[in-house]
Amino acid sequence: MAGVVQSANFSDFKCEIPELSGDNYKVWKERILLHLGWMDIDYAIRKDEPAAITAASTPDEVDLYEKWERSNRLSVMFIKTKISAGIRGSVEQHENVKNLIAAIDEQFVSSDKARASTLIIKFSNMKLTEVRGVRDHIMRMRDIAAQLKSLEVTMSDSFLVHYILCTLPHQYGPFKISYNTHKDKWSINELLTMCVQEEERLMMEEGEKVNLTVQGKKKKGSAKDKGNIPPQPIIKKESKCFFCKRKGQERYSIYICLL
């Protein structure tokens, strides 16, 4: 029927939640909260625990507490099923979903710091050693910068552009000078485009140098060319006697002439 809005079916929602193992906390938490919200049981995460039910509680207060209690209970159960056994022991005692999430957050603060340090070292050691592969090199550096940003270690686009240029090999020297003397600043996307164009130019230039070298060697003459030279006639020298000058005599003929 036109105009009727059907409710979303949770079975149609597909977003795999990885088991919390230590190095995937950011992704794990995002997907946990997404699933709890989609199942409409995240009320206890968004609201504080209401006053406990007493004999003087009104029906509205009773309904509110039961709503929170159901949300809290199901959320805690769901979260604990998505935690690895090695981590679950340290958070098993929490039965309030807010306290449970806070405990997990606190446990992984040190992990985030260690990961940030590892990424910074990896980022600072990245160098492109040849002309080829500039696109992949820049994309890897952008990915690490994005990971650091998620860990609250940010760097400006201007710094990232300058740093990436410093990691390029010496063949890109004129290209770097051109950027430094240019008035306009490039974005990361503009840098990527310009570097790819410069890579193509350098590759063509290297190909031309190879062709010139090969052609120069051919002009000097190869062993194959030398084989085409016609053979020279062998000039046979006739021996003569040193005294009588008669031909055909060897050195020992000197004795004969003297006889």
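Readers should treat all values here as calculations from the given coordinates under stated rules, not as data from a laboratory. As the structure is a computational prediction, the values presented were derived from the model and not from experiment. We place every Cβ from the backbone using ideal geometry, glycine too, and count neighbours over all the protein chains shown.
Some points to look at:
- Kirkwood Rh in Å, taken over all unlike Cα pairs in region 10-107: 14.5
- Counting every other Cβ atom within 10 Å of each residue's Cβ, Ser158, Ser57 order from fewest to most as Ser158, Ser57.
- Residue-normalised convex hull volume from the C-alpha trace of region 94-155: 85 Å³ per residue.
- Placing unit charges on the Cβ atoms only, positive for Lys and Arg and negative for Asp and Glu, gives region 31-154 a dipole magnitude near 1060 debye about its Cα centre.
- Entries in Lys122/Lys185; Lys122/Lys176; Lys26/Lys127; Lys29/Lys82; Lys26/Lys149; Lys127/Lys176 that, when Cα-Cα distance is taken, lie over 18 Å: Lys122/Lys185; Lys122/Lys176; Lys26/Lys127
- Here each label is just a point 7 Å from Cα along the line to Cβ, and for Ala116 and Glu205 those points are 4.1 nm apart.
- Counting every other Cβ atom within 10 Å of each residue's Cβ, Lys183, Lys80 order from fewest to most as Lys183, Lys80.
- Rounded to the nearest 20 debye, the dipole size of region 111-217 about its Cα centre is 300 debye, using +1 on the Cβ of Lys and Arg and -1 on the Cβ of Asp and Glu.
- If R0 is 51 Å, the Cβ-Cβ spacing of Arg70 and Thr154 corresponds to a FRET efficiency of close to 0.80.
- Of Ser156, Ser75, the sequence from fewest to most neighbouring Cβ atoms within 10 angstrom is Ser156, Ser75.
- Taking the charge dipole of region 10-107 about its Cα centre, with +1 at Lys and Arg Cβ atoms and -1 at Asp and Glu Cβ atoms, the residue from Asn24, Tyr65, Ser90 reaching farthest to the positive side is Asn24.
- The stretch between Ile53 and Phe78 holds 6.5 nm of extra length on full extension. This uses 0.36 nm per residue minus the Cα-Cα distance.
- Length released on extending from Glu30 to Asp184, taking residue separation times 0.36 nm less the Cα-Cα span: 51.6 nm
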